[in-house]
Amino acid sequence: MAMVSTSCSQLTVLRRSCLKLDSPQSQSFIPNINSNIRFSSSRKASRTVIAMAGTGKFFVGGNWKCNGTKESITKLVSDLNSATLEPDVDVVVAPPFVYIDQVKNSLTERIDISAQNSWVQKGGAFTGEISVEQLKDIGCNWVVLGHSERRHIIGEDNQFIGKKAAYALIEGLGVIACIGELLQEREAGKTFEVCYQQLKAFADAVPSWDNIVIAYEPVWAIGTGKVATPQQAQEVHIAVRDWLKKNVSDEVASKTRIIYGGSVNGSNCAELAKQEDIDGFLVGGASLKGPEFATIVNSVTSKKVAA
Ligand code: PGA
C-alpha cells in the first residue's frame, strides 16, 4: 500500500451541507467560519455521491496504545488478516514499539504500520527513546504525534511536538498529528482556541503538509465511552479545515485528511463517517478487536449517500 495517499478519490467528490452555520449553536461555537468552503451539489437527486468535503482518501488508524501481549497480538493480527476491508481506505495500526517487528512480520501488507511516538532528532544518547531512523528500519511508515496522553500525562508541549513532527516528516515518515481540547477548555468555550494553537505549532514547524493526517481527538472523549456527537465533531473539523485554508492554503485544506478520535466504535462510526469533514478515524479501544476495527474501516460506505 502506498505510504501516504492524498490523491483525489476515484469517486466523485461532492459536498453536502451538513451543518447549519447560521444556527444559534453554531454561531456561539464557530464564529467567522468561512462559508466559501461549502457549496451544494446541483446533481440529480438519485445520484450517489460521497459526503466528503476533503479530497483525501478515507483514513482509519488503530492506536493500540500500551496494550497487548505476544499472544493477544498474534490473535489480533490473525483477525485483521482475515477481515474484509473496503479498498478505498488507508488503514494503519500503531502497535506498542516492542511488538512492531512481530506485527510487521505477520500482518497483511494491506495494513500499514505506525509508531505511537518518535524522538525529536537523530538517535544517539537518549535513553529510552526510539528514533525515526529505527522506526523506518523496522518498516514503520507513520508515527502518531501530539496524542493527548503524551501531552497531558507525559507533559509534551506544542513546540516539542511540532519539532518531532518536522523531524519525522523530513526523514520520510507520515505523521498522524493529534489535536484536541480538555473538557474544562471546552466548557470554557476555548475549543477552537486550543485546537488552533496546537495546529499553529505544527504549521510553524513542518516543512510541508503532504504527509500529515490531522486527528481531532477531544480529550474528554478519549477512552471514556463518551463520544462526541457527529455535529460536535463536524463543527471542529470544518473549523480545522477553514483554519488550514486561511493559514496554509486552499490546496492543503482540501487534501489534508481530518480524522476523528475519541470512543469511536462499531456502533457509532457510521453516523460520524457521514459528516462531510470527517475523513476517517483514529481508534483506540475498539482497534484491539479485529472485527470491530474492520467495521470502522468499512464505515467509509456511509459516505455514499443518496443526494
Ligand atoms: P479511544 O482512543 O478510541 O479508546 O477513545 C482514541 C485515541 O486515543 O486515539
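Given a 1.4 angstrom probe, I'd like the percentage of the accessible area of the stretch 58-302 that is carbon and sulfur, rounded to a whole number.
Carbon plus sulfur share of accessible area: 51 percent.
Rg and Dmax of the stretch 209-276, using alpha carbons, in Å: what are they?
For the stretch 209-276, the Cα-based Rg and Dmax read 12.5, 35 Å.
Largest first and in whole Å, give the semi-axes of the stretch 58-302's equivalent ellipsoid, each being the square root of 5 times a Cα gyration tensor eigenvalue. The partial results should precede the final answer.
Working: eigenvalues 123, 102, 54 Å².
Semi-axes, largest first: 25, 23, 16 Å.
Using +1 on the beta carbon of Lys and Arg, -1 on that of Asp and Glu, and nothing else charged, what's the dipole of the stretch 58-302 about the Cα centre, debye to 20? If you can, show how the numbers build up before the last one.
Numbers: 22 positive and 31 negative charges, 69 e Å.
Result for the stretch 58-302 is approximately 340 debye, rounded to the nearest 20.
Sort all Cα-Cα distances of the stretch 134-263 into consecutive 10 angstrom bins from zero, then give the percent of pairs in each bin up to the one containing the longest distance.
13, 46, 34, 7, 0
Any idea which of Ser263, Pro291, Phe192 is furthest toward the positive side of the dipole for the stretch 158-307, if Lys and Arg beta-carbons carry +1 and Asp and Glu beta-carbons -1?
Pro291
What accessible area per residue, rounded to a whole number of Å², is obtained for the stretch 58-302 using a probe radius of 1.4 Å?
Numbers: 9430 Å² over 245 residues.
About 38 Å² of surface per residue is accessible.
Which ³J(HN,Hα) values, rounded to whole Hz and listed in residue order, are derived for the stretch 278-294 from phi using the Karplus coefficients 6.51, -1.76 and 1.60 in 6.51 cos²θ - 1.76 cosθ + 1.60 with θ = phi - 60°, glycine and proline given as x?
9, 9, x, 9, 10, 10, x, x, 6, 7, 7, 10, x, x, 5, 4, 4
Taking N as the number of residues in the stretch 61-113, what is its Cα Rg relative to 2.2 N^0.38 Å? Provide the component values of the computation, followed by the final result.
Numbers: Rg = 10.5 Å, N = 53, 2.2 N^0.38 = 9.9 Å.
Here the Cα radius of gyration is 1.06 times the empirical estimate.
Which whole-Hz ³J(HN,Hα) couplings does the stretch 247-262 yield from phi under the Karplus relation 6.51 cos²θ - 1.76 cosθ + 1.60, θ = phi - 60°, glycine and proline marked x?
10, 10, 6, 4, 5, 5, 4, 6, 8, 6, 6, 10, 9, 9, x, x
The values are calculated or read from the model by the stated rules, or taken from the named source; none is laboratory data. Worth saying up front: this structure is predicted, and the values here are computed from it rather than measured. Every residue, glycine as well, gets a Cβ built from its backbone with ideal geometry; the counts of neighbours run over all protein chains shown. All accessible areas refer to the heavy atoms of the entire protein, side chains included, with ligands and DNA or RNA removed. Shrake-Rupley method; radii C 1.70, N 1.55, O 1.52, S 1.80 Å.
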